[in-house]
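Participant: Before anything else, here's the structure in question.
The values are calculated or read from the model by the stated rules, or taken from the named source; none is laboratory data. Source: prediction; values computed, not measured. Glycine gets a Cβ as well: all are built from the backbone with ideal geometry, and neighbour counts include every protein chain shown. Keep in mind that these areas ignore ligands, DNA and RNA; they rest on the heavy atoms of the full protein, side chains included. Shrake-Rupley method; radii C 1.70, N 1.55, O 1.52, S 1.80 Å.
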Amino acid sequence: MIHYPHLFSPIRIGNFTAKNRLLMSAMSINFGVDEKGHVTDQLTEYFTARARGGVGMMLVGGGAVHPTGLELPHLPALWEDHSIPALKRMVNAVRAHDAIFGVQLMHGGRKSYHDNKVAPSPLPAPAVVKGIPRELTLEEIKELTHAFGDASRRCREAGFDFIEIHAAHGYLINQFLAPNSNLRKDRYGGSFENRVRFLMELLDDIRCEVGADFPVGVRINGEDYIENGFGLKEALKLAVLLERKGVAYLHVSAGVYGSRQLTIPPMYAAQGCFVHLAEAVKLKVSIPVFAAGRIRVPDFADRIIREGRADAVAIGRALLADPAFAEKARTGRILQRKCQATIGFTYANALNATLLPSTGG
Ligand SMILES: Cc1cc2nc3c(=O)[nH]c(=O)nc-3n(C[C@H](O)[C@H](O)[C@H](O)COP(=O)(O)O)c2cc1C
């Protein structure tokens, strides 16, 4: 008997076909790299376990395109070619298990953990992160645009199947997009066209570096859920632009630090609390759209796809809690999963590792 036939049907995205519609969403887990930011066997084992556990697509989280953009100290550094051999070893180990494997590229901007923070405007991040970032010069913006392109090329060279650009959750790209974090008076601030310019330019740079056929997805916020943030109306306009730009898929999330709705929704949030945002985006584009946010059980994930609200679902914490979540669901053994709640826990406990407190997203 086929359990959850919609969730476990293949999906074509860009030039790849994933065996099911379940993406392990990007999570900056802050371990599994050495002091240079090169991935170690620990990260390889982490992903191999989830690939073996039947997930169709996976993303390495927190791939930093530039030293100024490290969100947390122990994330993959993608700003130099020396990172490629270790990435390649991880890709080769994971490849045996039939999962489509990608990397999320990000720059933390004012939400980076260190003191050399940069941002579109010198405004501190709301909540959690301390310190005032330095305003980026036009030259530095260009440098960061190229950093995204160069990091993308490295990911392709390492053998990854795709990349995702993190334009959500209040990190650098989202800081350019949102009026409340971008007070610039030049061509990168003010109007919608100016605020999306950094994202559009870095996508051009990426395309030059990786070629026409390499799938590039983008994670956007459907709503920042904060005053004067990036809202649904502009997100829908952006979605159309991104489709025209040739992105392979859109992944719709929500929230920034300090927002009314949390990016990593706690147990009092409704299951699938951001799905309506993906649904709204899906009505505007014909490329695949991913829904995310407290999708905890396969019945619900299957229903999202069956009802056409999204083409695929992204799941985070349920896959931290149980690497075999997907295979257990597919074979009708979901009640045997390790954590029935997969909510309200610290990921340090879930991974049995000593980590920084989670501010992540
Ligand atoms: C430990 C942790 C780290 C995260 N890091 C990222 C990240 O680097 N990039 C990102 O887009 N989302 C990040 N997120 C958010 C998840 O991708 C996901 O959207 C969120 O956890 C909601 O999904 P869930 O309810 O299935 O966990 C993180 C979440 C957690 C729990």
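Participant: Take the alpha-carbon centre of region 52-89, take the same for region 182-233, and report the distance between them in whole Å.
Facilitator: 21 Å
Participant: Out of all DSSP beta bridges with both ends in region 11-351, state the antiparallel percent to the nearest 5. Provide the component values of the computation, followed by the final result.
Facilitator: On the way: 4 of 38 bridges.
Close to 10 percent.
Participant: OK, next. Could you compute how much accessible surface residue 309 exposes when probed at 1.4 Å, giving the result in Å² to the nearest 10?
Facilitator: Per-residue accessible area (residue 309): approximately 50 Å².
Participant: Compute the helix-to-body angle for 138-158: its Cα long axis versus the longest principal axis of the chain, expressed 0 to 90° and rounded to tens.
Facilitator: For helix 138-158, the angle is close to 30 degrees.
Participant: Using packing as a proxy for protection, rank 79-85, 21-27 so that the peptide with the highest average count of other Cβ atoms within 10 Å comes first. Display every interim value, and only then the final one.
Facilitator: Numbers: 79-85: 15.6, 21-27: 26.9.
Most protected by this proxy first, the peptides run 21-27, 79-85.
Participant: Can you tell me how region 59-120 classifies by the Cα gyration tensor, rounded, prolate or oblate, using a/c under 1.5 as the rounded cut?
Facilitator: In terms of gyration-tensor shape, prolate.
Participant: How much length is gained on full extension from residue 208 to residue 143, taking 0.36 nm per residue of separation minus their Cα-Cα distance?
Facilitator: Details: separation 65, 0.36 × 65 = 23.40 nm, distance 1.50 nm.
Here the segment from residue 208 to residue 143 would lengthen by 21.9 nm.
Participant: Which order, highest average first, do 211-219, 186-194 follow once you tally other Cβ atoms within 10 Å for each residue and take the mean per peptide?
Facilitator: 211-219, 186-194
Participant: Among 185, 284, 328, which one moves the most in a GNM of the chain with springs linking Cα atoms closer than 10 Å?
Facilitator: So, out of 185, 284, 328, the one fluctuating most is 185.
Participant: Using 0.36 nm per residue of separation minus the Cα-Cα distance, give me the extension gain between residue 114 and residue 241 in nm, one decimal.
Facilitator: So the chain would gain 42.4 nm between residue 114 and residue 241.
Participant: A further question on this structure: Report, ordered by chain and residue number, the lysines lying within cross-link reach of residue 130, taken as a straight Cα distance under 21 Å and ignoring same-chain residues fewer than 8 apart.
Facilitator: 111, 117
Participant: How would you classify the chain from its alpha-carbon gyration tensor, with a ≥ b ≥ c the square roots of the eigenvalues: rounded for a/c under 1.5, else prolate if a/b is greater than b/c, otherwise oblate?
Facilitator: Values: a/c = 1.42, a/b = 1.29, b/c = 1.10.
Judged from the Cα gyration tensor, the chain comes out rounded (a/c under 1.5).
Participant: Of 58, 1, which has the most accessible area and how do the rest follow, probe 1.4 Å? Each step should come with its number before you reach the end.
Facilitator: Details: 58 0, 1 195 Å².
The most accessible residue leads, giving 1, 58.
Participant: Along Cα→Cβ, 7 Å out, is where each label goes; now give me the distance between the ones at residue 95 and residue 331 in nm to one decimal.
Facilitator: 2.6 nm
Participant: Among 214, 300, 183, flag the residue with its Cα farthest along the positive direction of the charge dipole of the chain, charges on Cβ as +1 for Lys/Arg and -1 for Asp/Glu.
Facilitator: So the residue furthest toward the plus end is 300.
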